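A quick write-up on the structure given underneath.
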Amino acid sequence: MKTELLPGQPLPPEIRSAWETILEKIPHRNPFLSPLWVEIWLRHFGRSLEPKLLLFRDDNEALQGIGHLLESADGGKKGLSLSGSRDVWDYRDFIIQPGWEEEAFKSLPLLLKKDSFDFIELNSIAQFSPTAEVFPKAMESFGFRVSREMEETVINLSLPSTWEGFLEALNAKDRHELRRKIRRIEKEGPCEWVRATDPFSLDEKMSLFLELHRKSRRDKSEFMTGEMEAYFRDLAKELLKKG
């Protein structure tokens, strides 16, 4: 396995395409791991950054994995971390073709030593990601000291394909309580599910969402700065294009 560390902004079209192709094959994929999420975050919060693009290639030069990284420093030591920030990023990870994780991570310590990096920090890695198990073993096998800690506890629920299926999966008490709360909401006034299907309706609905978000709690109002609002509007616009 060969590794390359290249400039990570802007993202080359061929790398972006390969990223999306590999991501489709990853069982734990989610929007936070997409190249789109990285690009929009960099557009709003990373203009002064110089991200790195880590490529893992097999012996035939085929791309088997990608990492989007930032240089960091700690106590005078030089390191790398996954791109992103905890405030708008639930999950971060390497994008590696299933089955190639072990070979990819075994090649990483050699790159770190060659380029004189002292450490690499990974945040927001899902417990069910292969990275959580394979990465520490690979680093330890090359003499790196690995420290692990839990950041957050996240509840995961596999949802049925329909609302009716979701209701049927609840126990009788929870189903009754949910229906009671829905009736209470409906008594307060008209209530309906809506979906933005064009840029104009999206902008209108985002304005309403942002207004309610700021009114809900003081900490949410402080979080939703003008800069953060611009980020979420841009994100919603780009996701609408993706369908």
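Any read-out appearing in this document is the output of simple, stated calculations on the displayed coordinates, not a laboratory observation. Just so you know, these numbers come straight off a predicted model, no measurement behind them. When we count neighbours, we look across all protein chains shown, and the Cβ atoms used for this are built from the backbone with ideal geometry, even at glycine.
Of the options Trp163, Ala126, Pro109, report the single residue whose Cα projects farthest towards the positive end of the charge dipole of the range 106-243 (beta-carbon charges: Lys, Arg +1; Asp, Glu -1). Towards the positive end, the residue furthest out is Trp163. Convex hull volume of the C-alpha atoms in the range 194-243, normalised per residue: 71 Å³. Charged side chains reduced to their Cβ positions (Lys and Arg at +1, Asp and Glu at -1) give the chain a dipole of some 720 debye around its Cα centre. By the Kirkwood approach, averaging reciprocal distances over each pair of separate Cα atoms, the range 24-117 gets a hydrodynamic radius of 14.5 Å. In the elastic network of the chain, a GNM with C-alpha springs shorter than 10 Å, the most mobile of Leu157, Leu69, Leu55 is Leu157. The range 145-194 and the range 64-129 have Cα centres lying 33 Å from one another.
Across the range 142-191, counting alpha-carbon atoms alone, Rg and Dmax equal 20.1, 64 Å.
With θ taken as phi - 60° and the Karplus curve 6.51 cos²θ - 1.76 cosθ + 1.60 applied, the whole-hertz 3J(HN,Hα) list for the range 231-243 is 4, 5, 5, 5, 4, 4, 4, 6, 5, 4, 4, 7, x Hz, x standing for glycine and proline. Using a Gaussian network model of the chain in which every pair of alpha carbons under 10 angstrom is joined by a spring, one finds that among Ala138, Ala169, Ala196 the greatest mean-square fluctuation is at Ala169. For the chain, the alpha carbon positions stretch 66, 41, 37 Å along the principal axes, listed from largest to smallest.
Compared with the dominant Cα axis of the chain, that is its longest principal axis, helix 35-45 is turned about 90°.
A helix-only calculation puts the chain at -15000 deg cm²/dmol for mean residue ellipticity at 222 nm, using -39500 (n - 2.57) for each DSSP H run of at least four residues, averaged over all residues. Computed over the range 2-141, relative contact order equals 25 percent, with contacts defined as Cα pairs under 8 Å that lie 6+ residues apart. For the range 52-176, the C-alpha radius of gyration sits at 1.36 times the compact-globule guess of 2.2 N^0.38 Å, with N the residue count.
Shape annotation for the range 110-243: C-alpha extents along the principal axes are 64, 42, 32 Å, from largest to smallest. Each of Leu6, Ile96, Ser221 was placed along the dipole of the chain (beta-carbon charges, centred on the mean Cα), and the one lying farthest toward the positive end is Ser221. For the residues Gly143, Gly226, Gly189, a GNM of the chain with alpha-carbon springs under 10 Å puts the largest fluctuation on Gly189. For the range 168-224, the Kirkwood radius over C-alpha pairs fed into Stokes-Einstein at 25 °C and 0.890 mPa s yields D = 174 µm² per second.
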